[in-house]
Amino acid sequence: MNAIKEAQKFIAKHPESDDARTLAQLVLTLESNEPFSLEKLYALDLDRFDLALDILKEWRLDRYIAGKSKLYDLSLQIQEQGPQDRTSHFGELN
């Protein structure tokens, strides 16, 4: 099971727990690019701490994949355009 789904299940099952609130705050700060206090991670029990680290890993991988996807889409657009189209939209290509 992936960490994001596991966290979703844990938060839904234990919405009032401190660990669930910390995991929810971690996800919100990752999405908003806001700072997050590492002290909150250290306060988690060991299983939730490991889950938080797995969330971080998956989140980073998802961002990498999203960036790669955007690059691929742009590359397809450039490839589909003819040489004249490329210079009119992007200036001289040297």
Which of Lys40, Lys13 has the fewest Cβ neighbours within 10 Å, and the rest in rising order: Lys13, Lys40
Table column - 3J(HN,Hα) (Hz), region 2-10, Karplus curve with 6.51, -1.76, 1.60, x for Gly and Pro: 7, 5, 5, 5, 4, 5, 4, 5, 5
Ranked Glu31, Glu16, criterion: other C-beta atoms within 10 Å, fewest first: Glu16, Glu31
Whether region 3-90 is rounded, prolate or oblate, judged on the alpha carbon gyration tensor where a/c under 1.5 counts as rounded: prolate
Between helix 18-32 and the chain: long-axis angle, C-alpha atoms, 0 to 90°, nearest 10: 10
Set of lysines with alpha-carbon distance to Lys68 below 19 Å, sequence-local pairs under 8 removed: Lys57
Length-normalised contact order of the chain in % [C-alpha pairs under 8 Å, at least 6 apart]: 25
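Just so you know, all these numbers are worked out from the coordinates, no wet-lab data involved. What you are looking at is a predicted structure, and each value in this text was computed from that prediction instead of being measured. Cβ: placed from backbone, ideal geometry, glycine included. Neighbour counts: every protein chain shown.
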